[in-house]
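Contents: one structure, followed by commentary.
The values are calculated or read from the model by the stated rules, or taken from the named source; none is laboratory data. The model shown is predicted, which means the values in this text are computed figures rather than measured ones. Note that we place each Cβ from the backbone using ideal geometry, even for glycine, and neighbour counts take in every protein chain shown. Calculation scope for accessible area: heavy atoms of the full protein, side chains included, ligands and nucleic acids excluded. Shrake-Rupley method; radii C 1.70, N 1.55, O 1.52, S 1.80 Å.
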Amino acid sequence: MKKLKYIKKIMAIAGLSLFMGTANVVSANTNNPISLIVDGQIIVNMDAPPVILNDFTYVSARAVFEAAGAAVFWDEATTQVTVVTETDTVVLTIDDIIAFVNDLPVHMPEPPRMINGRTMIPARFTAEALGFEVDWDEAQRVVTIDTEHNSTSSNNTNVTNNNSNDLPIIDDYDHSGEDTLDIDGFYTNGALARDVSTQNISSANHPETRITALQAPAGGNIVISASSEISRIETFLLADNRLVIDIYNAELNMNQHEFWVHSSTVGRIRIAQNQMVPEKITRVVVELVGAVEFAVNLSSDRRTLSIDFEKNEIIDISFDTNNLADYVTITGTSQPNITIFPINSLSVILIDMPHTDVGGFTNQLVSGNFASRIFTERLDANTSRVTIVVREMPSHSITRSGNSVTIRLSTPTYENISFNDSRGEIVIPRSTGLSVSSIRTEDRYYNLQYVISLGGNFSDVLGFGENIINHGGVNSVVINTIANNTTITINTSRILAFNIREDAENIYITPVLPREKHSRIVILDPGHGGADPGTRGHGLIEKEVVLDISNRVLALLDASYHITGIKGYATRVDDSTVNLFDRAPFANELGDLFVSIHLNASETNPNANGTETYFYSNISDAASGITRRALAEIFHRNMLGALRLNDRGVREARFVVLRDTTIPSVFLEIAFLTNQGDAQRFHSSDFRQQAAVAIYESILETFSVYTPRR
């Protein structure tokens, strides 16, 4: 995989502006042409020379992007230029100020234009705000772009400093930026928030203001205060329930920039100075919960911006039954956002509804197959609950239609298996004939499942079907028998490990966190996957080769777990698409060591070959007990010893997965798929196994000198 420039650099160049103060016409000025230098290299034989349009310099998209190390594609039908780096994709459209970075919108200060039949992009001072050096030599008519220059400290988070090089950027969709604040979790619950704003917030010309306060009481409206009139705001709601509000001509003047609310409407709020030039923009990002309805309003004096949440009102709760099932239907002014918690020991099913008012409903006596009573209560000022009292715990399913949600209660088909609420254990009597010695387990964490094979047909004593639990991270237990083998599949809401023990009476299956069960955990990260193939060369695709190698390492770890105690997880185990920015959070939550596996490429030099190993120094090194450089040297030495490839050295780079991991991490570029000699080796299964063994042995060596400090 070629070492391409970060997407931040690409967008900085795409959005770089140099005010020239010259004619307001398109001019190539062949007598005194404009030259372009990127990272010290003068760009020659450009498909189109730089020109000046309305006092701004426009340069060839292909010339700039390819000089910055990216691949560029042009679509005549859509007038779009697509820029592809090792991890990201940028799409720019002619005459459109909205660009897309990894399918997310980014506002550009000036649009790309078609000039003399070529795609030309403007320059903008935002590059300097992102820490890159830009220079215009009027006498020599030379534009110089230094994408490697960056004076920003990666640890700087002072968003009130007027030096734009020191400003973190919040959710600018350029996630490889030096100080970008990335959001790593949202709260859709399968239901999307809805903007019900009715106020038309017009723009106005006012002096620059300062954002001085943000109030976010749990369950209440969000209030943002400014020192004077707010000129303009823009809002947009993303598909993952993030509400983004840009406040223009506004400088942030607050000490606190992150607010954990954890209410029925909001999970987290972040605020930062998103842009300093050409206009100051303060950005607020609100992580909304479920199908909450909200309205954005600006006070009449334009000094207070509020996000007001509309409560859903329950207008009817009905009950019906037949010889098959009971049905409880809850209808609101909008479809209720519900979470169901069956509690076996209390014989109740709790239905919680955030930001909902149940009105006057109190108590219904019913006569169903399972349900005997339905009553409502208000848990707090913003959350309501419907409780269904049952005679025995049924299975349940949910259907949604219009403004209603129906909970269907039906006969459970399982038997002789129970759940201990107080200990969080699944309990199976030994009288069923089951013993721990006959049990085999399979950890399907990638599907949030743990499968226990019982080694025989136990359908006559355990039955079949689903036992709904929704407790302690365990959603349900499914019993099934196929080909004379009964399995217990545990569906979870998060990745869990399980301890299995027995006494004279019962077998106990207890969920625990992975770090509670495993003393040492390594997270493997086969790069790319799914819609992102990575690099290609000589009949091979990167995503396929690195997945094969990663799965081989997992197999080695599984086979030796009883000896080493090292548990392996992976960000993917099949050809699935994994978001780049989900990989590090996954590793940070579960693991003690992170290994990202890649293959290299060079579009311009097919002779480039060999092994590179990357690390990125982190302040967490001191606490971890091993430096990331030392970690990289362990892996690099073992890879070279096993594979006998050209030594391209251990290097430092600020790749996203290295930057965002808080545990020791390493990034492997095993070899070049664009080199015929390197690529040919990966056609061999034996060579892939050698690579897997080298990674496996590096993991063992690492844990021999590194003890995780949790």
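As a rough guide to protection, the peptides 318-327, 288-297, 623-632, 223-232 ranked by mean Cβ packing within 10 Å, highest first, stand as 288-297, 223-232, 623-632, 318-327. ARG400 exposes around 120 Å² of accessible area when a 1.4 Å probe is run over every protein chain in place. Net charge of the neighbourhood of ILE507, taken over other residues with C-beta under 11 Å away and scored Lys/Arg +1, Asp/Glu -1, is -2.
Please give the charge dipole size of the range 235-318, origin at the Cα centre, charges +1 on K and R Cβ atoms and -1 on D and E Cβ atoms. Round to the nearest 20 debye.
340 debye
Once the Cα-Cα distance is subtracted from the 0.36 nm per residue extended length, the THR78 to ASP460 segment shows a gain of 131.3 nm. Model label sites at SER299 and ARG651, defined 7 Å from Cα along the beta-carbon direction, differ in position by 5.4 nm. Contact order for the range 360-479, expressed relative to its length and based on alpha carbon pairs under 8 Å spaced 6+ residues apart, stands at 16 percent.
Given a 1.4 Å probe and the protein chains as shown, LYS543 ends up with an accessible area of around 20 Å².
Computed about its Cα centre, the charge dipole of the range 390-504 is approximately 300 debye, with only Lys, Arg, Asp and Glu carrying charge at their Cβ. Solvent-accessible surface of protein heavy atoms, probed at 1.4 angstrom with all chains present, puts ASP548, ASP246, ASP195 in the order ASP195, ASP548, ASP246, largest first.
With every protein chain in place and a 1.4 angstrom probe, the accessible-area ranking of TYR248, TYR414, largest first, reads TYR414, TYR248. Largest accessible area first, the residues LEU700, LEU214 order themselves as LEU700, LEU214 under a 1.4 Å probe with ligands, DNA and RNA left out. In this structure, GLU234 and ILE94 have a Cβ-Cβ separation that, at R0 = 35 Å, corresponds to a calculated FRET efficiency of about 0.95.
Between the residues ALA622, LEU599, GLY610, the greatest Cα displacement towards the positive end of the dipole of the range 573-631, with unit charges on the Cβ of Lys, Arg, Asp and Glu, is found for ALA622.
Computed over the range 594-639, the percent of Cα pairs more than 16 Å apart is 49. Rolling a 1.4 Å probe across the protein heavy atoms gives the range 514-672 an accessible surface of 36 Å² per residue. Here's the picture: charge each Lys and Arg Cβ at +1 and each Asp and Glu Cβ at -1 in the range 386-525, and of SER404, SER438, GLY473 the one pushed furthest to the positive end of that dipole is SER404.
Farthest towards the positive end of the charge dipole of the range 230-334, among the residues SER318, MET254, PHE236, is the Cα of MET254, using unit charges on the Cβ of Lys, Arg, Asp and Glu.
Distance between the C-alpha centres of the range 559-592 and the range 220-273: 34 Å, rounded to the whole angstrom. Label positions at ASP558 and VAL512, each projected 7 Å from the Cα along the C-beta direction, are separated by 2.1 nm. Charges were assigned to the Cβ only: +1 to each Lys and Arg, -1 to each Asp and Glu. The resulting dipole of the range 480-534 about its Cα centre is roughly 140 debye.
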